Amino acid sequence: FLYFWQTGERKKIEDKCILKTGDKTSDLFYIISGRVHLSRNGEKVAELEGGDFIAEPALFPEKNVKIDACASGDVEYRVFTADVLDSLSRLNPATYSNLARILGRYMTATLRNALGKEGFNKISEN
């Protein structure tokens, strides 16, 4: 896992967007420090901070990004490119599988927290 961690490029931004609606990327983003606001159609839907992921592009690479993920102040993060993730899946399938499971659980918990139980159950029915 440490090798994987080191393959991520460390970046810093201030009051700029990491992702914008319509971007095409399959990268995985890990927030190290700071706050990132997620918004859809100009409406804030969630706030991320150190320890959080922006995982949707990596888990659903065939789709365009459907959110804006913008830094509020200084934000430090790591980006793991699609090439790095692809290499990991080929060279160490067990680690990749564990990462995918962690990200799936993370996204489920994030949605539950953002939508509440009733809202989450409503979307999972569709």
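With a cut-off of 13 Å between beta carbons, the residues surrounding residue 27 carry a summed charge of -2, where Lys and Arg count +1 and Asp and Glu -1.
Close amide H contacts of residue 52 (hydrogens built in the peptide plane, cut-off under 5 Å, sequence separation of 5 or more or a different chain): 31.
Please give me, ordered by residue number, the chymotrypsin sites (Phe, Trp or Tyr not before Pro) of region 1-109 that lie in loop per DSSP and have at most 15 other Cβ atoms within 10 Å. Don't jump to the answer; show the numbers that get you there.
Working: sites: 1, 3, 4, 5, 29, 30, 53, 77, 80, 96, 106; in loops: 1.
Answer in residue order: 1.
Here is the list for region 1-89: GluC sites (Glu not before Pro) lying in DSSP coil, each with at most 12 other C-beta atoms within 10 angstrom of its C-beta, are 62.
Across all C-alpha atoms in the chain, the radius of gyration and Dmax reach 14.6, 40 Å. For the pair residue 84 and residue 113 in one chain, pulling the backbone fully straight at 0.36 nm per residue adds 7.5 nm over the alpha carbon distance.
Once the Cα-Cα distance is subtracted from the 0.36 nm per residue extended length, the residue 44 to residue 17 segment shows a gain of 8.4 nm. Calculated mean residue ellipticity, 222 nm, the chain: -13500 deg cm²/dmol, from DSSP H runs (n ≥ 4) at -39500 (n - 2.57) each, averaged per residue and rounded to 500.
Among the trypsin sites (Lys or Arg not before Pro) within region 21-88, which fall in a DSSP loop and have no more than 13 other Cβ atoms within 10 Å of their own Cβ?
24, 63
Readers should treat all values here as calculations from the given coordinates under stated rules, not as data from a laboratory. Keep in mind that this is a model prediction, so the values were computed, not measured. All Cβ positions, even for glycine, are placed from backbone atoms using ideal geometry, and neighbour counts span all protein chains on display.
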